[in-house]
Amino acid sequence: MFAVETLSLSKRYGKTDALRELNFTVDEGEIMVILGPNGSGKTTLLMILCTILKPTSGTAKVMGIDVVEEGTKVREVMGIAFQEARGFWRHKPSSILRFHASMFDIDSMKRQDLIEQTMKDLELWESRDKKFMHLSGGQAKRLETAKVLVQRPKLAIFDEPTSQVDLRGKRKIWDKIRELRDQGSTVIVATNEVREAEYLADRVTILHQGHLVVRDSIPKLKDAIAGGDVVEVGFEGPVTDNLVAELKGLGGALALSPEGNELRAKVSRAEDWVPKMTSASYNLGAKISSIKITEPSLDDVFIHFTGKALIDQQ
């Protein structure tokens, strides 16, 4: 059984298709990152999974439970941190978390300790008695994340969890999300931040204009780009014609520096090409002084599969 499964899931707003025949699965115990620009359908998918929206057509299941037919049961096994932090404007963070914890089967003897530790981990403890309306945008986002961390649901959903959060705060949230996964939760994170996806994902799903474009682990997505790895090799002396010919036989696009002692190669899998290159160089007596490998970024992956840069569509 998948933690999440959709079949031909579609959602239409008037004449606009937010999701189009989406077939999407998430394995139990993984962090699935949904990567896409604003308007790609990320939030619409999440709102359907947490039963706030109903699909126009198709089906969606969470832990085998149909989100339309048994919405109450779905809400018992999942938790969501919304893109916009939710809280009554006069309530305090500590009160909001106590109320949230009271709605779920959390041991009352352990509840306060869990809330306190979570607030300290997310640097909210000093703000525990502030009113929600007085929290900064970053504090409100951390509080929204804290609700799910306290709940520890079977399926945890985070919609752009670190928007408005500084770099230090981002890393703390990312580490807590990974910890949640390690404690047994399945996690979905929707984001348009490449760095966030790189840090968190067991697998990545790319959504574009309501379509699922591709879904796989980051290494496999990067390996799918032909010539995506760049290897820069420095030699102690000039590169000979024999060595160039030998290396061309290994595949990839080669270019020599004007000085003739540095070589730049674009290859599909650097981890396979570099050992062969070093062996060929050694056999021909060429001494290597340096090797630098640059992998494609997730933005490169997005361009490869959609034809557009992720950053240009925000």
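Structural remarks
- Taking helices (runs of 4 or more DSSP H) as the structural unit, those lying wholly within segment 158-228 and holding at least 2 residues that are among the acidic types (D, E) and at pLDDT 95 or above correspond to 167-182.
- Some residue of segment 13-27 being touching a helix residue (DSSP H, G or I) at 6+ places or on another chain (Cβ under 9 Å), surrounded by fewer than 22 Cβ atoms within 10 Å (Cβ to Cβ) and over 18 Å from I80 (Cβ atoms): yes
- Selection status of S281, touching a residue at least 24 places away in the same chain (Cβ under 8 Å), of a type outside the set (V, I, T) and part of a helix (DSSP H, G or I): yes
- Qualifying positions in segment 85-110 - in contact (Cβ under 8 Å) with a residue 24 or more places away in the chain and under 30 Å from the mean Cα position of the chain (by Cα): A85, R86, G87, F88, P93, S94, I96, L97, H100, A101, F104, I106
- Output for segment 210-250, where each listed residue is more than 21 Å from S279 (Cα to Cα), crowded, with 19+ Cβ neighbours inside 10 Å and of a type in the set (D, E): D223
- Single match in I303, I288 (criterion: touching a strand residue (DSSP E or B) at 6+ places or on another chain (Cβ under 8 Å) and aliphatic (A, V, I, L, M)): I288
- Residues of segment 66-77 that are surrounded by fewer than 20 Cβ atoms within 10 Å (Cβ to Cβ) and not small (G, A, S): D66, V68, E69, E70, T72, K73, R75, E76, V77.
- Segment 95-115, residues that are buried (at least 18 other Cβ atoms within 10 Å of the Cβ) and among the hydrophobic types (A, V, I, L, M, F, W, C): I96, L97, A101, I115
- Residues being over 13 Å from D229 (Cβ atoms), under 36 Å from the mean Cα position of the chain (by Cα) and in a helix (DSSP H, G or I) - total across segment 242-278: 3
- Evaluating K92 against the criteria (1) among the basic types (K, R); (2) under 30 Å from E28 (Cβ atoms); (3) buried (at least 18 other Cβ atoms within 10 Å of the Cβ) leaves one unmet condition, (2).
- Test: residue in segment 134-150 that is crowded, with 17+ Cβ neighbours inside 10 Å, part of a strand (DSSP E or B) and touching a residue at least 12 places away in the same chain (Cβ under 8 Å): no
The values are calculated or read from the model by the stated rules, or taken from the named source; none is laboratory data. What you see is a predicted model, and the numbers here were worked out from it, not measured in a lab. FYI the Cβ positions are ideal-geometry reconstructions off the backbone, even for glycines, and counts take in every protein chain you see.
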